[in-house]
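Structure first, commentary second.
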Amino acid sequence: MVTATATVTLAPVQFPAGTQTSGIIRFWLIRASDGVQLAFIDKAIGETATFPTLAFPSMPDGEYRISAQRRTSAGLLLGSQILSDPFIIDSRVTLDIPVSISITIA
């Protein structure tokens, strides 16, 4: 199993005065084939931050997407959800195996 690490780039957006500035960025791990949300991780964030990064460890093989959206500490959504392109986890290994045999008689 492998780890998928997601990093988001932030951009400033204005909200009305009094909007709660502390909160989280919620990252969802989504199965690409049917859109089922498999797990989420919350990353704490203040008023500003640079490149929040997090990891989904021990991922089984499959095709996934990761989404991210900012929320206030009260759970209110701020801005739109963003969604990664699909990516594939394939942790197979390549091994050499016998495929032919030759015999020499001397």
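A few comments on the model shown:
- Hey, Leu95 more than 17 Å from Ala11 (Cβ to Cβ) and either of a type outside the set (Asp, Glu) or at pLDDT below 90 (or both) or not: yes
- In the stretch 53-106, the residues that are in contact with a Leu (Cβ under 7 Å, 6 or more places away or on another chain) and within 30 Å of Gln20 (Cα to Cα): Phe56, Arg65, Ile66, Ser67, Gln69, Arg70, Arg71, Thr72
- Residue among Pro57, Pro12, Pro52 that alone is at pLDDT 90 or above and of a type outside the set (Gly, Ala, Ser): Pro57
- Listed conditions (1) more than 23 Å from Met1 (Cα to Cα); (2) loosely packed, with under 10 Cβ neighbours inside 10 Å; (3) in contact with a Lys or Arg (Cβ under 9 Å, 6 or more places away or on another chain) are all met by Ile103, apart from (3).
- Within the stretch 58-100, considering residues that are of a type in the set (D, E, K, R) and surrounded by 10 or more Cβ atoms within 10 Å (Cβ to Cβ), the one nearest to the chain's Cα centre (by Cα): Arg65
- When Gln20 is tested against (1) closer than 13 Å to Ser67 by Cα; (2) at pLDDT below 90, just one condition goes unmet, and that condition is (1).
- Subset of the stretch 33-45 (residues that are closer than 19 Å to Val8 by Cα and either polar (S, T, N, Q) or surrounded by 12 or more Cβ atoms within 10 Å (Cβ to Cβ) (or both)): Gln37, Phe40, Ile41, Asp42, Lys43, Ile45
The values are calculated or read from the model by the stated rules, or taken from the named source; none is laboratory data. Since the structure is predicted, the reported quantities are computational estimates derived from the model, not experimental observations. Positions of Cβ are backbone-derived with ideal geometry, glycine not excepted, and every protein chain shown enters the neighbour counts.
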